[in-house]
1. For a distance above 26 Å, tell me the whole-number percent of Cα pairs in region C:1-125 that qualify.
2. How big is region A:1-120 by Rg and Dmax over its Cα atoms, in Å?
3. Could you tell me which residue out of A:VAL424, A:ALA475, A:LEU458 lies farthest along the dipole of region A:416-481 toward its positive end? Charges go on the beta carbon: Lys and Arg +1, Asp and Glu -1, centred on the Cα centre.
4. Which value, in square angstrom to the nearest 100, describes the accessible area buried between chains A and C on both sides, using a 1.4 angstrom probe?
5. Using the scaling law 2.2 N^0.38 Å as the reference, what is the normalised Cα Rg of region B:217-347?
6. Across all directions of projection, what mean area in square nanometres is found for the Cα convex hull of region B:1-93?
7. For A:ARG300, enumerate residues with amide H under 5 Å from its amide H, sequence gap 5+ or separate chain, H modeled in the peptide plane.
8. Just the Kirkwood number for the protein assembly as shown, please: inverse of mean 1/r across all distinct Cα pairs, in Å, one decimal.
Amino acid sequence: MRPLFRFNGGIHPPQHKSESAGQGIVPGPLPKRLVLPLHQHIGAPAKAIVKPGDRVLKGQMIGQPQGPISAAVHAPTSGTIHAVGLHALPHPSGLQDLCIELWPDQEDRWIDRQPIEYREKDPTRVLDHLRSAGVVGLGGAVFPSAVKLNPGPPGRVPTLIINGAECEPWITCDDALMRERSGEIVEGILIMRHLLDAQEILIGIEDNKPEAAAAMRRAAAASPFPMEVVVVPTVYPTGGAKQLTQILTGKEAPSSGRSSDIGVACFNVATAYTVHRAVNHGEPVLSRVVTVTGNVRQARNFDALIGTLLPDLVALAQPKDDTDGFIMGGPLMGHRLPALDVPVVKAMNCLIATSPALFKPAPRPMPCIRCGRCAAACPVKLQPQDLHWFAKASNFGKAQEYALFDCIECGCCSYVCPSHIPLVQYFRHAKGEIWAREREKKAADTARERHTFREDRLEREKKERAERLAQKAAAATAQAAGDGAAAQSKEDALRAAIERAKAKKAEIVPRNTENLPPSTLSEIEKIEARRAQLREAAATKSLDQKED
Amino acid sequence: MSSPYITQPTSVNALMLRVLGALVPAIGAYVYFFGPAILVSLLLASVTALLCEAAMLKVRHYAADAFLVDGSAIVTAWLLALSMPPLAPWWLVVVGTAFAIVVAKHLYGGLGSNLFNPAMVGYAVMIVSFPVPMTHWAAPETLAAAHLSFAQDLRYMFAGVLPDHLKLDAVTMATPLDTLRTQLKLSHTLSEIRRLPIFGTLGGIGSQTVALMYLLGGLYLLFQRVITWHIPVAMAGALALVAGTLHGIDADHYASPGFELFTGGAMIGAFFIATDPVTAPTTPKGKLWFGAGIGVLTYCIRTFGGYPDGVAFGVLLMNMTVPLLDAYTQPRVFGHAEKETTRGKPQ
Amino acid sequence: MLAALWVMAGLAVVLGAVLGFAAVRFHVEDNPLVEKIDAILPQTQCGQCGFPGCRPYAEAIASGAADINQCPPGGEPGIRKLAELLGKEFKPLNAEHGAPKPKSVALIDEQVCIGCTLCAQACPVDAIVGAAKQMHTVIVSECTGCELCVAPCPVDCIHMVPIGEEIGTWKWDPPDYSYGPTA
């Protein structure tokens, strides 16, 4: 037995896994419309490389990655591009972002798939392949996997951790994937190991998923490279990458750095699966397993196409009549969807239909009594009771000092709070506010710099012009009047030049108005007349005021 | 609303109810040894606390339906009533409770914001203002020269009238701690003093059983995770350590650690008063310092000071240090270097 | 008595000398007041305060020639910060200088633009590019929303477009609840 470590606190909320677990993965719908957001990952959004009317095949790239941290977007089925425009995303704000709308032709015709032999290829070519296959972390962070799989100096990442913990209530998509596709997950793990040149592979699974652990054990036993399936105690949030790393290795990823700083890379099981599909089958990320559960008659795990609009998907699970909303993700870290007309994205692992009976309205918040249960439950050992005061008082500097940005927003503190204070919302608000202030400050600094530069430029130009004019004038007078009064007239000319420059600056005159069509000219005249009137009005007004 | 969308089925109210429940065995022992008068004090304090709370909530525009039933006022009332002498006159209880709720709690910001433990503020104000009635403790029924009926109890508490043939001395006597102090001043040795009928094996007759019941209730709170072990252990430990050291040096003049722990307010203080979360530190290390501070102060005030017991002043003095303790005992955050160790270590 | 006086006087002289020496020796270069005020101002350079730019306004505040409530883009939060810095009482924005507006950027209608360069000359942060007789455009990321380019345009082709909320910059509201009675 491998010695296991513990993180601080954690909680044991009701599991609600049995509703959807063990029902198998059911194919999702092939709807009439698919909406594919161009920004489904951390980093720069992909750039649309199709236009309305284009015919695309299943697996064809329609959004190209931009910049070093980005991921591609593909057509999940064959069809016609209907539009490239704004559409609401599954985001707590309900705001819109750039999406590609695809109308499937229902033929589901594949593009020519090109698997690659990863053992023989240069690692950078495999990474490029993953990047253009749109592979991102499917555990929720949606960070481009190609960036994380970049090994750096040899031996930097000796330990590869595969995260099958799935600790949040209701969610069973990873469980289902591990039960049914353990062999393919192991194939993906082998590719990742090869890229990172890791020496040790640990697969962490919570002990509430014995079937998944057994399936993974069987698959791991058949693997050419040894990998260990480690069953860990069920406690939320074991599935956090840093928490699972701590449980399995006892190491803490530094607050300011990454897991790779302590020689660990952590990937979700579903990510391993997509790596395998992309490399060994040439299939980009076109679908993902989504748990649809909660207040529904048929809770299931659907293999849903990315871009499927949620009403199409949810209908298959048959929501009950008293359903009053949907949560994307789990009940602890997910968020309520302001509207259901949003697409499945790579980050969507679960959809929970809610009803007032299943998710009771939050009890009324009471003042903090400093009981310290939040601190006891916090997996990163923060002091939420202090942080919430700082956030509430907009004392953001102090909040940062108390390590606000180490908060992983797991929700343990809010869950255990006897006063029912929405602690996590305070922390989310404070983080957003700090980021906004940083942005504002940066913008102000840029504006100040540019303004100063402009002032200097104007000053310099003025001086240069004046000098030039003075030289010309001096030369002219010198020729005309001889040497006698040259010095005097030079000074005069200088003064005159400055006067002219000033006058020119004071008078704003429309320019480049010669070669215009008559309609525009007449428009300009009208505008000028209006301006003159305004000027007059202003002048009389100020006169009136003076008379008063 | 942001996630999480589920919460543990717990509340301030539930925590306070458990504290009240944990006090019940001790109250039972109290009634058994000192008569039912304490029940009247408890009722009187509770009613006063609720009335004051309601009035203050109204003045401060707080929702009475949520805050009046949160149980915190009753906890303050019970702790104060249990700290006062049984048979305390009604006005003593009422004024003490009113001061605790109105001044110590609400004028400092109400639930969650008060710096000082309200019950202990009420107690301290009363003992400073009315030292005489605050030290008339009912004698245990087995030792008292005369017994009062419950009706006579009430008459004394509300009208200050004792039955004609009785004097106050017949029904009250000095507390074990007071007895110890006076006897020591009379140059008796500890072993002589401990043979007096007021003392039992642990502390005073009757009060030692009450203290044991507080311990029992405290263990229930620990088991229920309403409180953590840090403050009670640190306070009892520090008290026992200081007492043990001095007792070891001079057993004739300094009481044993067991005696110190089971007399006076040590047990109720360690498990019920010092653990009030609002006025205690929140960090584990801070709690240890806080408890230890109270233990040492309690011992010092008891042994070298002029007041009958030191718990209340120990708690109040340590309440003042809470913001400082919290600030200087922040635990290391996950993924951060240990501040103290990294600073001193060579690279 | 006299000895005591001497001792006290001597002590005062010695301590004063030590303090004076420390003040010179360990002098910490502090930002001048103008810099601190300028750091609070939003750098819109719009001139609504009555001064030609943020820095002149900062200088005027520092010298006492201007009040702290003349900056509409900075709004109330800005006034609060200035009040705190200068130890003054907070006062609401002076309406003579305009009202705070949602942050906007200028947008040139490129169909109408005649390339006169007047807007580019008016822009305080050089955020408009375009040569004479050629269409101009605003560098949105550099635009401070000062509106100074709007008036000079001879064909009225510049409009202020409020910056809407975007997913990337969206932020959670703080929790909204009170301890008061439910209505």
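The values are calculated or read from the model by the stated rules, or taken from the named source; none is laboratory data. Not measured: the values here are computed from a predicted model. Positions of Cβ are backbone-derived with ideal geometry, glycine not excepted, and every protein chain shown enters the neighbour counts. Heavy atoms of the whole protein, side chains included, go into the accessibility calculation; ligands, DNA and RNA do not. Shrake-Rupley method; radii C 1.70, N 1.55, O 1.52, S 1.80 Å.
1. On the way: 3778 of 7750 pairs.
So the pairs more than 26 Å apart make up 49 percent of the total in region C:1-125.
2. 19.6, 59
3. A:ALA475
4. Working: alone 28730 and 12760 Å², together 37750 Å².
Protein heavy atoms only, the A-C interface buries about 3700 Å².
5. For region B:217-347, the normalised Cα radius of gyration is 1.18.
6. Numbers: hull surface 30.8 nm².
Orientation-averaged projected area of the Cα hull: 7.7 nm².
7. Here A:VAL292 satisfy the definition.
8. Working: mean 1/r = 0.0279 Å⁻¹.
Evaluated over the protein assembly as shown, this radius sits at 35.9 Å.
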